[in-house]
Amino acid sequence: MKRPILIHPDPRLKKRCAPVSDITDELRNLADDMLATMYDAPGIGLAAPQVGVLDRLIVLDCVKEEGAPPQPTVMFNPQVVARSDAMNTYEEGCLSIPDQYAEVTRPAEVEVAWIDRDGNERRQEFAGLWATCVQHEIDHLDGKLFIDYLKPLKRQMITRRMAKLKRERARL
Ligand code: NI
């Protein structure tokens, strides 16, 4: 079931989320809803605070080759445990900041530890778009948005645009 996505600025997008201690059916259901919401948007990643839940949970699928099988990935309590010195710059966007894009520089490769949908501990290295996306989503769990990497003027401009968008949507 799809859930509504919060649009920046929203205080829930600025909060540090709490670790999950037990993978309950309720949390698995939330993860499935988040995947459905992400694919529908469409997007390549979504974090729980973006649907108003302040738990450390992200979902992602960065497969972009046409015809390649999807790789729906659910991560509870994801943590970057190692980063490459090499950096990579991608033009990022965010489902909570629709139609706004900007270049962000992050470590090109990261190793991430997490708990999967079945409660198993996992650890894997990510590169390319997957590395950028997983770092962007983990940032959400610490109340950080990709626009927080931009210069203040650019960030304020985007925030003003989003506030205007929210006012327009509220009037509908
Ligand atoms: Ni985002």
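Quick one: pull the percent of accessible area on the stretch 14-172 belonging to carbon and sulfur, 1.4 Å probe, ligands and nucleic acids left out.
So the carbon and sulfur contribution to the accessible surface is 47 percent.
So for each of 26-32, 162-168 I average, over its residues, the number of other beta carbons within 10 Å; can you give me the resulting order with the highest mean first?
By packing density, highest mean first, the sequence is 26-32, 162-168.
For the stretch 87-104, take each phi angle, set θ = phi - 60°, evaluate the Karplus expression 6.51 cos²θ - 1.76 cosθ + 1.60, and give the result in whole Hz per residue in order, putting x for glycine and proline.
So the Karplus estimates, Gly and Pro as x, are 10, 9, 10, 10, 7, 9, x, 7, 5, 8, 9, x, 6, 10, 9, 7, 6, 10 Hz.
Could you give the dipole magnitude of the chain about its Cα centre, charging the beta-carbon of Lys and Arg +1 and that of Asp and Glu -1, in debye to the nearest 20?
Once rounded to the nearest 20, the dipole reads 1240 debye.
Could you order peptides 80-93, 123-136 by the average number of other Cβ atoms within 10 Å of their residues, highest first?
123-136, 80-93
Just the number please: accessible area per residue for the stretch 1-92, 1.4 Å probe, all protein chains included, in Å².
Accessible surface, normalised per residue, equals 55 Å².
Counting pairs of alpha carbon atoms under 8 Å apart in space and at least six apart in sequence, what relative contact order in percent does the chain give?
About 24 percent, as a whole number.
In whole Å, what are the Cα extents of the stretch 107-172 along the three principal axes, biggest one first?
Taking max minus min along each principal axis of the Cα atoms, the stretch 107-172 gives 45, 29, 19 Å.
Taking only Cα atoms and a 10 Å spring cutoff, compute GNM fluctuations for the chain and point out the largest among 144, 64, 15.
64
Taking a ≥ b ≥ c as the square roots of the Cα gyration tensor eigenvalues, with a/c under 1.5 meaning rounded and otherwise prolate when a/b beats b/c, else oblate, which class fits the chain?
Oblate shape, in that a/c is at least 1.5 and b/c is the bigger or equal ratio.
Report the calculated FRET efficiency for residue 157 and residue 41 (r = Cβ-Cβ distance, R0 = 35 Å), to the nearest 0.05.
0.90
When you count, for each residue, the other Cβ atoms within 10 Å and take the mean per peptide, how do 37-44, 110-117 rank with the highest first?
Listed from highest to lowest mean packing, they are 110-117, 37-44.
If amide hydrogens are placed 1.01 Å from N in the peptide plane, which non-local residues have theirs closer than 5 Å to the one on residue 92?
Hits under the 5 Å cutoff: 102, 103, 104.
The values are calculated or read from the model by the stated rules, or taken from the named source; none is laboratory data. Owing to the predicted nature of the structure, the values given are computational and were not obtained by experimental measurement. Positions of Cβ are backbone-derived with ideal geometry, glycine not excepted, and every protein chain shown enters the neighbour counts. Just the protein is used for accessible areas: all its heavy atoms, side chains included, with ligands, DNA and RNA removed. Shrake-Rupley method; radii C 1.70, N 1.55, O 1.52, S 1.80 Å.
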